[in-house]
Each structure stands twice: as C-alpha cells, then as structure tokens.
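The values are calculated or read from the model by the stated rules, or taken from the named source; none is laboratory data. Since this is a predicted model, take the numbers as computed values, not measurements. All Cβ positions, even for glycine, are placed from backbone atoms using ideal geometry, and neighbour counts span all protein chains on display.
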Amino acid sequence: MNYFRTTLLLAAMTSLFLGVGFMLGGSGGMMIALLLALAMNGFAYWNSDKMVLGMYGAHEVDEASAPEYVRMVRLLAQNAGLPMPKVYIIDNPQPNAFATGRNPEHASVAATTGLLQILSPQELAGVMAHELAHIRNRDTLIMTITATIAGAISMLANFAMFSGDNRNNPLGIAGVLLLMVVGPMAAALVQMAISRGREYEADRNGAEISGRPLWLASALEKMTIAASQIDNVAAERNPATAHMFIINPLHARRMDGLFSTHPSTENRIARLQEIAAGAKDL
C-alpha cells in the first residue's frame, strides 16, 4: 500500500510539473517541461550521490580506517540481502546519517562523526539498518527524483515572473501569480508526503534487518535531542537535502505537521515499540 501511495504521489508531482509547463506555454510548454524533467532526472540519476557526498565533505572509509563501523555495515548488508555499499563518514558534530545512490549496486551510506560518538554499537546498527532499508526499497532514487522535479517546478515558477508573454496562460497575469505561489508549495507538500511515508517504511524494514526495533527507537530519541542543540551548517545552507537524513537536520521544523520533511520522533518510536511488542507475541 505504501508503494502504491508513493507511486500516486510521484504521478501527482509529475502531472503538476507538466501542468506548470502548460500554463506557461501551452502544449509546447508542456513538452519543454517534459524534456527538461527527463534531462534533470537523467543528470540526477548519474550524479546526485557524488554531489550530495561532496556537499557534506564525506570521506570514504574501509576496514583499515573504521573497522567496527564498516564491519557492522557489511553484516547488516548481508542480513538485508544487499551488495556492500560504500561507507562514508562526515565530519559534523550533529548526529545524523543518510543513504544515497541510484540503485543497490551503486549505493553509499554516510554517518556523521557526531552519530558515531553518541550512539552505542546497538543503536548505530539500528540506524545503519534503517539506511540500508532505504537502499533496498530504492528510496534513494525516489527521493532524488522528487527533489529534482520539485526544484524544476520552482524554477519554472520563477521563470513565469520574468516571462512577458502570458498568452498561453488561460488566467493571464493572475495565473502567473497563482503559479508562482501555488506551484512550489504544492510540489513541496507532495515531496514531504513521499518523504514521510518512506521514513516510516524504512523504520519498519530497518527493524527487520537488525532484528531489534528498539535499537533504532533508542537511537532516534538520542539523535533528536542532540540534533536540536547542534547546528548542521551544511544542511542549513542546502535545505533541499534535509529529507535525505534519518532525522531532520534543520531546526525550523520539529513537528509532524504539514510542512515537515520527517515524521515526529514520538510517532516513529511508538511504531517501533509496537513492532517490538508484536515480535514478542509471536
């Protein structure tokens, strides 16, 4: 059901993008929007992981430089039935982590130094299992596509402001103004809905990979408290990447509200506790 919902939301975002193109330039504008979406998604498919890892200054590690961390990821990847991803560390005091890559064969996981310092080995395993679940579910590709389309919608909406020819827009200048406000907002809402749904699914699948739902629950509680007190400067400069992290790296949104990229920690922990209780009953 979650995958069906994600598919519907992706279809809605794509339709929104094509609709923006039509509003700007009629059928020709819609075709240009389609070609633009294909080009941007093609570029993101091949290069988004390198861009994001470089954006956060991540450096790759191996069993010689980070033996316990890498061996843990290797064991969890085997449990998940995944190829061994590349493993990175980000020099950042805020405890956080993310996964990236176009498919399981070209995937990477990254954890901050803050995460490695404050979590126990069990809690760290819970977090990395969550990230491997994103890879197995191909969420890394899904979120790249949604972020790219959302950015393209915002770009087209900004272009509308500078376009002097509104003959193809059935609402004229009023349509342009409406497009500038509603287009990016609607895209952001769809993107956030997809992101929150995928986080819940990765929590559940990550609990299956690690076999211990409460490891992740404990980690989420620690991370949320610490992250609320520690800035992630790189994420604040690049808020479009916030949805990639296991918890929201930004301080602007902490509630499970309309504009949150992540579910609330309380809701996530409650679900993990339900999973743990259900496992005990079996």
List, please: which pairs have Cβ atoms under 8 Å, are six or more places apart or on different chains, and start with a residue in the range 35-58 that is aromatic (F, W, Y) and end with one that is not in a helix (DSSP H, G or I)?
Y45/R102; W46/R102; Y56/I90; Y56/N92; Y56/A110
Of the residues in the range 59-90, those that are free of Cβ contacts under 8 Å to residues at least 40 places away in the same chain, assigned to a helix (DSSP H, G or I) and over 21 Å from E208 (Cβ atoms) come to P67, V70
Picked from the range 94-107 (must be in contact (Cβ under 8 Å) with a residue 24 or more places away in the chain and surrounded by fewer than 18 Cβ atoms within 10 Å (Cβ to Cβ)), the residue farthest from the chain's Cα centre (by Cα) is H106
Please indicate, with yes or no, whether at least one residue in the range 181-192 is modelled with pLDDT of 75 or more, of a type in the set (S, T, N, Q) and closer than 30 Å to G57 by Cβ.
no
Of the criteria (1) surrounded by fewer than 19 Cβ atoms within 10 Å (Cβ to Cβ); (2) among the hydroxyl-bearing types (S, T, Y); (3) over 18 Å from the mean Cα position of the chain (by Cα), which one Y200 fails
(3)
Do we find that N158 is modelled with pLDDT of 85 or more, part of a helix (DSSP H, G or I) and polar (S, T, N, Q) in this structure?
no
